[in-house]
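J.: Questions regarding the structure given below will be posed in turn.
The values are calculated or read from the model by the stated rules, or taken from the named source; none is laboratory data. Keep in mind that what you see is a predicted model, and the values were worked out from it rather than measured. Note that each Cβ is placed from the backbone with ideal geometry, even for glycine, and that neighbours are counted across all protein chains shown. Accessible surface areas use protein heavy atoms only, side chains included; no ligands, DNA or RNA. Shrake-Rupley method; radii C 1.70, N 1.55, O 1.52, S 1.80 Å.
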Amino acid sequence: MFQAQDAPVRKNQIPNLVKLSLVTETYPPEINGVAMTLSQLVTGMREKGHQVQVVRPSQSAEEPYALADQSTVTVPGAPIPRYPDLRFGIPCRNRLIYQWRRWQPDVVHIATEGPLGLSAILAAKRILTPTTSTFHTNFHSYSEHYNAKFFTSLVLAFLRWIHNQTRCTMAPTRELADQLGREGFRNMDVFGRGVHLTTFNPAARDEQLRQSWGAKSGDPVFIHVSRLASEKNYQLLKKCYDAIRQRHGNARFVIVGGGPLEPQLRKSFPYAVFTGPIPLENRALLARHYASADAFLYPSTTETYGNVTTEAMACGNAVLAYDYAAAALHIEHNKNGLLAPLGDESEFLANSLRLAGDLSLRQRLGTAAVAYAPHFDWQPAIDRFEAILLHHIEAAKARR
C-alpha cells in the first residue's frame, strides 16, 4: 500500500502541477467540520500552484447551474432530512462528463458519499480519469442516535461500496484507516488535519468577552463548540454541566454552534450562553471564544477526527474528550489534556469535575496543549494529500 510519507516532495523540487476536481456535498459558507477542512485543502492546493475545481450542490441563495467555470461547478441540490441547512447533490453524471471532457482534470477527488459523489465516480470512469476519496463522516454510527440502529450495517455497506470504487480512501487517522480496513474498505491511506495557528492561539483571549459571559477573575469557563445535533452526545454534556454547577456555582458555560438541536438545547441548558453558529470566514471570532474560555468538554463518540479538539488545544483550553480520533492522536492523559475510555460515561463525568475544581490543573493542561500545538500545522497535511494524488495520477498513467 502506498504511504504518502514514503514519497515526500524533495527540497528545491517543484512538484508536478495537477488539475484537481474536488466533489463535495458541503462547502462554505455552510458551517461544519467537513466544509472547513475542504476549504483549507482547496486553499492550500491552490497556494501550491495546482488548479482546483470545486463541484458542489447549489446553496440556498443560488440557482442550479448558476456557476460553471474552472473554479466552481454547481449542480441542483435538495435539503438533507433533519439537516435542512445542508443539501445533497442530485445525480448528474452526464453534466459532469460534459464539464470534465472540456476541463480535463488529472484526478477527481470524492469528498462525500452522497448521490453527487456517486455520479462523479461514474462520470470519471467514463472518461478514464482516476478517482480518490476521503472518509470524513461516520454516517453508519449516527443511526443509533436517530432511532435507526438497524440501518448501521446497511449504511456501512453502502459507504464501503462507494469508497472501494476509488483508487484509495483517505482517513484522518491511522486508527480509523485500520478500523475501516477491517470492515472491508480497500486501499486505505491517511490524510491528516490541521489548525491555522496564527489564528487559533492563546493571544486571542478577550477579557471583555469573558465578562460578557458573566465570568469574574478565576471563574472557570467551560466552552463547547460543535454542530448541535443528536450524534454529539448532549445527554452526557448535560450530566457534566449539571454536576459542575452543583459543586461550583461560579462556573460559566458557553455553547458555540448551530444545528437541529439548538432550540431543544437552549431549553436544556438555560444557564449557558449560546452564541449561535460562527461563520467559517470569521475564524478569528471563533478563536476569541476558545481562547477566552478555560476548558473544553467534547463527549461525542461518532467523530472521524474532531477538528474542534485541536482548535481548543491550540487556544489553551484544558480539553477532556474520549480516547479516540484526534484526542487519542494528540492528547497524553494528564499531560496536555484528559482522556476517558471510549463510552465510559462515569470516567468522563469524574474528569469533568476534576477540571472544574482544580485551577492549577486547568492551567497546566492548557499550557502544555499550547506547547504541543505546532504538531497541528496544516502544511504537512496539505503536502501529504498532494503526494497521494500525484502517486495515483502517475500510477493511472502507467496503466494506460
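J.: Calculate the dipole size of the chain relative to its Cα centre from +1 charges on Lys and Arg beta carbons and -1 charges on Asp and Glu beta carbons; express the result in debye to the nearest 20.
T.: Values: 43 positive and 35 negative charges, 134 e Å.
Here the chain has a charge dipole of around 640 debye.
J.: Where the centre of each part is set by its Cα atoms, how far does segment 221-287 sit from segment 354-400, in angstrom?
T.: So the two Cα centres are separated by 25 Å.
J.: Among 288, 227, 102, which one shows the biggest mean-square fluctuation in a GNM of the chain, springs joining Cα atoms closer than 10 Å?
T.: Maximum among the listed residues: 102.
J.: Once both labels are modelled 7 Å past Cα along the beta-carbon direction, what's the residue 281-residue 247 spacing in nm?
T.: Distance between the two pseudo-spin positions: 4.4 nm.
J.: Additional query: What FRET efficiency comes out for the pair residue 98/residue 395, r = Cβ-Cβ distance, R0 = 35 Å, nearest 0.05? Present the calculation step by step, with values, prior to reporting the outcome.
T.: Numbers: r = 27 Å, r/R0 = 0.76.
Taking R0 as 35 Å, the efficiency between residue 98 and residue 395 is 0.85.
J.: May I ask you to give the percent of accessible area on the chain that is carbon plus sulfur, with a probe radius of 1.4 Å? Please list the in-between numbers first.
T.: Details: 9050 of 17300 Å².
Ligands and nucleic acids excluded, carbon and sulfur give 52 percent.
J.: When the chain is fully extended, how far beyond the present Cα-Cα distance does residue 126 get from residue 71, taking 0.36 nm per residue of separation? If you can, show how the numbers build up before the last one.
T.: Values: separation 55, 0.36 × 55 = 19.80 nm, distance 2.18 nm.
Gain on extension, residue 126 to residue 71, equals 17.6 nm.
J.: Heavy-atom accessible area per residue, the chain, 1.4 Å probe: how many Å²?
T.: Numbers: 17300 Å² over 400 residues.
Averaged over the residues of the chain, the accessible area is 43 Å².
J.: Tell me which of 379, 234, 103 sits at the most positive position along the dipole axis of the chain, charges placed on C-beta atoms (Lys, Arg +1; Asp, Glu -1).
T.: Among 379, 234, 103, the one farthest towards the positive end of the dipole of the chain is 103.
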